[in-house]
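Engineer: This is the structure, below, for whatever I ask next.
Please treat every number below as a calculation from the coordinates, not as lab data. Please read all numbers here as calculations on a predicted model, not as lab measurements. So basically every Cβ, Gly included, is an ideal-geometry build from the backbone, and we count neighbours across all protein chains shown.
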Amino acid sequence: MTMATKEKCSSFRTYNINELKPIERLNINDNRVNELINSMQPVVIENSGFVSSALHWDLNYLRDHLGSGKFTVYESDSHVFKYYDEKKMKKNKAFKPQSRRCDMTLTEFSEKIKDKTQSDKRYYLQQELNDGVSSRMVEDFKAFRWDWVTAHQKRNNWGPLTANLLLIGQEGNVTPSHYDEQENFFAQLQGEKRFILFPPSQFGCLYPHPVYHPHDRQSQIDFDNIDLTRFPKFDRVQGVEAVVKPGDVLYIPNYWWHHVESRLHAEPTISLTFWYKCAPPGTIEYPLKPHQKVAMMRNIEKMIAEALDNNNEVDPFMQNMILGRYTSSTH
Ligand SMILES: O=C(O)CCC(=O)C(=O)O
């Protein structure tokens, strides 16, 4: 395994990953932008002007205009903020997440991330934007280039916009590798983030937690401490990477794995996601595409877990179904 981390990423974390090629970075007027989005390939789009009216959303502005209530904030003892599904925790009492939700006002959040000497804990604000924001922010929001994004939505038959998540990250925070079942235009507003993406074809190398687990859709691999004995196929994983800057928009196709990190020793990062429901399956064409196979695996796994109604039974059930029958050593 070779060190793939390049010098340009020196102020991001260093990982021992086999192959990371650059994600294409294109001007909005380049015809290849449409080609890449249509074929569900990630691309960093420059000069889109998509969220120009929000590029001034710094911590001070947000404190004045986001509202005075409490926002969704996660606290972690490390730099890692691994998403967990609270509903799935009910059936898994032994599960202890590495980060926890501790909602607070934006003033409290700003204080926490400013004074790093107070504690070793780290904080990540992850708030869905709703109509509680000030009229100035609504004006900023209305001034986004909705014509541009709606053209992509229509052309690719995506469903409706489901959410805009506002992310305010402390320097060095990491969202570990996971995939979403939605299309995403990720707009960077302040600071820099590095993305490491893996296509759905790499599913086997990423070892996601079981679907019933609170960390469903998240990789089990800890990039800071890669255990190749448990996860040997990660040794051959092939991915792509990019650093996004204010004004850049990254298209993350559904079922693409993404690891996201804020630049170390830098100002907080501020980003806004635009999640769209995927296109409904049209006429099925063979061979199936990797993301369609992942969707099938998920649905079959979910069906089995629901039918058994006991998470402890899923593993032996699956083993019984495949061991000695579908394992390659028996062919
Ligand atoms: O920016 C981050 O830390 C996470 C973003 C993410 O996972 C997403 O947009 O789907």
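Engineer: If the convex hull of the alpha-carbon atoms of the range 259-331 is projected onto planes in all directions, what is the mean projected area in square nanometres?
Structural biologist: Over every viewing direction, the Cα hull of the range 259-331 projects on average to 10.1 nm².
Engineer: For the range 1-105, which trypsin sites (Lys or Arg not before Pro) are in a loop by DSSP, counting at most 15 other Cβ atoms within 10 Å?
Structural biologist: For trypsin sites (Lys or Arg not before Pro) across the range 1-105 that sit outside H, G, I, E and B with at most 15 neighbouring Cβ atoms in 10 Å, the list reads LYS6, LYS70, LYS90, LYS91, LYS93.
Engineer: By the scheme Lys and Arg +1, Asp and Glu -1, what is the net charge of all other residues having a beta-carbon under 10 Å from that of ILE252?
Structural biologist: Net of charged neighbours comes to -2.
Engineer: Hey, another quick one. Multiply the residue separation of SER52 and ARG136 by 0.36 nm, subtract the distance between their alpha-carbon atoms, and state the gained length in nm to one decimal.
Structural biologist: Extra length from SER52 to ARG136 when fully extended: 28.8 nm.
Engineer: Follow-up. Return an integer: the convex hull volume of the alpha-carbon atoms of the range 7-277, in Å³ per residue.
Structural biologist: 137 Å³
Engineer: If Lys and Arg each add +1 and Asp and Glu each add -1, what is the summed charge of the other residues whose beta carbon sits under 12 Å from the beta carbon of HIS65? If you can, show how the numbers build up before the last one.
Structural biologist: Working: positive: ARG63, ARG136; negative: ASP58, ASP64, GLU139, ASP140.
With Lys, Arg at +1 and Asp, Glu at -1, the net is -2.
Engineer: Once a ≥ b ≥ c are taken as the square roots of the eigenvalues of the Cα gyration tensor of the range 222-308, is the result rounded (a/c under 1.5), prolate (a/b larger than b/c) or oblate (a/b not larger than b/c)?
Structural biologist: It is oblate, given that a/c is not under 1.5 and a/b is not larger than b/c.
Engineer: With labels modelled as points extended 7 Å from the Cα through the Cβ direction, what inter-label distance (nm, one decimal) is found for GLU108 paired with GLN319?
Structural biologist: It works out to 4.6 nm between the two label points.
Engineer: In terms of the Cα gyration tensor, with a ≥ b ≥ c the square roots of its eigenvalues, is the range 1-140 rounded because a/c is under 1.5, prolate because a/b exceeds b/c, or oblate?
Structural biologist: Oblate is the answer for the range 1-140, as a/c is 1.5 or above yet b/c matches or exceeds a/b.
Engineer: Is the C-alpha gyration tensor of the range 155-207 telling us rounded, prolate or oblate? Criteria: a/c under 1.5 is rounded; beyond that, a/b larger than b/c is prolate, otherwise oblate.
Structural biologist: Since a/c reaches 1.5 but b/c is at least a/b, the shape of the range 155-207 is classed as oblate.
Engineer: What is the list of residues in the range 180-214 whose amide nitrogen lies under 18 Å from a point 7 angstrom out from the Cα of MET297, following Cα to Cβ?
Structural biologist: Those under the cut-off are 180-182, 197-214.
Engineer: Something else now. As a quick test, which of the pairs LYS116/LYS142; LYS277/LYS302; LYS21/LYS233; LYS82/LYS233 have an alpha carbon distance above 28 angstrom in this structure?
Structural biologist: Values: LYS116/LYS142 36 Å; LYS277/LYS302 20 Å; LYS21/LYS233 18 Å; LYS82/LYS233 22 Å.
From LYS116/LYS142; LYS277/LYS302; LYS21/LYS233; LYS82/LYS233, over 28 Å: LYS116/LYS142.
Engineer: While we're looking at this one, here's another question. Helix-only mean residue ellipticity at 222 nm, the chain, DSSP H runs n ≥ 4 weighted -39,500 (n - 2.57), per residue, nearest 500. What is it?
Structural biologist: -7000 deg cm²/dmol
Engineer: Can you give me the distance in nm between label points at TRP146 and ASN18, each placed 7 Å from the Cα along the Cα-to-Cβ direction?
Structural biologist: 4.5 nm
Engineer: So, one more: Which is the longest part of the chain that has none of the GluC sites (Glu not before Pro) sitting in a DSSP loop with at most 14 other Cβ atoms within 10 Å? Let's see the in-between values first.
Structural biologist: Details: sites that count: GLU181, GLU285.
Result, exposed sites excluded: 1-180.
Engineer: Which three semi-axes in whole Å describe the equivalent ellipsoid of the range 84-165, each the square root of 5 times a Cα gyration tensor eigenvalue, listed largest first?
Structural biologist: 32, 23, 11
Engineer: In a Debye calculation with equal point scatterers on the alpha-carbon sites of the range 290-330 and no solvent, what is log10 I(q)/I(0) at q = 0.28, 0.30 Å⁻¹?
Structural biologist: These q points yield log10 I(q)/I(0) values of -0.94, -0.96.
Engineer: Please give the net charge around MET40, taking every other residue with its beta carbon less than 12 angstrom from that of MET40, where Lys and Arg add +1 and Asp and Glu add -1.
Structural biologist: Value of the local net charge: -1.
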